[in-house]
Amino acid sequence: MNSREEKHELILKEAYTAAEQAALQSLKLKLARSSLSADHTMMRFLRARGLDVQLAFEMYVMAHNWRKTNEVDGQYARPPPMERLLKLAVPQELHGHDRGGRPVLIQKIGQMHLSTFIKFDPEIVNQCHIHQMEMLMKACEENSQRFRKRVTQVTIVVDAKGLGLSHRKAIQFSRGTSFIDKNYYPETLHQLIFINAPAIAPALWKIAKPMMDPSTQQKVLILGRNYHAKLHEIIAPEQLPKEYGGQCQCEERGGCVPEVPAAICKEAFKSEYSSTKKLSPKLNEIVIGARGSHTVEVEIGNPLGQEVSYLFSTSKNDIGFAVEFLPFERQPVLGAGEAQHLHQHAAAENEQKKRTLKAQLLLENVRYACPPDDPMTGSVRPNCAGICRFVFDNSFSRFTSKQLFFHVSVEDDDADGARTPSSSRSLSRHRFQSLDTNADSDEEEELPVLEVF
Ligand SMILES: [Zn+2]
């Protein structure tokens, strides 16, 4: 730190109590010189541990090592490759500041494209989250300089408009991100404000509240549809998007927190996600001998068919690839209950049926040269229930065995509503109807919005 920076640091120092000052000095003495950071950073760890120096020390060292091991300072200075795509799935932006000069993050979780979001590898979501946290910390530093006072926390506005019961599927992702926040970025949240919260939010909050530590409980504010006055007390209207009663429109980037239609999000995901090597699913690996072949079969339980995606590559040389489909006998059109009942029995009968089925060729056998850094990807979509058979063919090779990496998966598109009814759920009218519209909708089961809260 040069003398000018030191001067800045002095000006921007937080006012600490005597107990905080003493704890900070003790923590500094315990830490190796090389692992010291700015006072306000170390103070966040102390506050997170109620000024217990030993506990704060352990927490700080763990976070410090995590940063070093994961090269957080170097790796996360730039956005991870999938951040843009993730933002399409869950609209969110760092936008302005609150009345205390803290950076504001706006997340439209109710507008997330759920069916796309849940396809992300949780590890990717974590990486994007780390980058976001780094950007928030950077914004705190910038705001500190700008407002001539130390800013160490952020305010998060969560727009719950459109939030439905189906969004519970996304909860699995919050485990990783909240672990990161809790352990590596303690005391960075000033306030978490839900707006447009559904009517059942207070009931849910009652259940969730005891599971949180008291200091976090204090930071959560749940507002329904009439949130404007309260929100504007916290964030000045000129810092807020117009859609939240503010004055900002961020025209240069197409809106303050831009949203894209589900179809565009889905298309971008399809073309960008699976083609990114880093994001390839966990691959099966097998060696196919000379003159040999390998067959992978997946069952499609849905009477209206389902999409099956594939990805494969070989370590060297080419491999033949064909896709066959063995349709199950078509069932007469039945009521929803009957169809569901029949489907439950279908699995047990599949083996027997398979022997009598006549295979249809979906993709004829063609040889592909596809090294691991440029795998073949694609999907097929049979239009009824049956067995989808992927044939990896090396029978043309008289001497060379092939090392094959592959992944096939039946797309669970029940969250889309648009495509097909899921085999594991009842064949509701909504799902059958939506087949005609071809619209991608994540908005099923929308909850009523809280009127006054
Ligand atoms: Zn704006």
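Details
- Gap separating the Cα centres of segment 281-303 and segment 13-73, nearest whole Å: 52
- Of the peptides 101-112, 45-56, 284-295, the order by per-residue mean of other Cβ atoms within 10 Å, starting with the highest, comes out as 101-112, 45-56, 284-295.
- Amide H contacts under 5 Å for MET82, placed H, 5+ residues apart: none
- Summed over all non-identical Cα pairs, the Kirkwood treatment of segment 3-69 gives a radius of 12.4 Å.
- When the pairs LYS87/LYS138; LYS87/LYS161; LYS161/LYS270; LYS138/LYS270 are compared against a 21 Å limit on Cα-Cα distance, LYS161/LYS270; LYS138/LYS270 fall above it.
- Counting charges near ASN365 (Lys, Arg +1; Asp, Glu -1) among other residues having Cβ under 13 Å from its Cβ returns a value of -2.
- Segment 195-241-segment 117-157 distance, computed between alpha-carbon centres (Å): 20
- Value of relative contact order over segment 3-69, rounded to a whole percent, pairs C-alpha under 8 Å and six or more apart: 30
- For segment 153-283, average projected area of the Cα convex hull in nm²: 10.9
None of the figures in this text is laboratory data; all of them are computed from the coordinates on show. Values in this document were obtained by computation on a predicted structure and should not be read as measured data. FYI the Cβ positions are ideal-geometry reconstructions off the backbone, even for glycines, and counts take in every protein chain you see.
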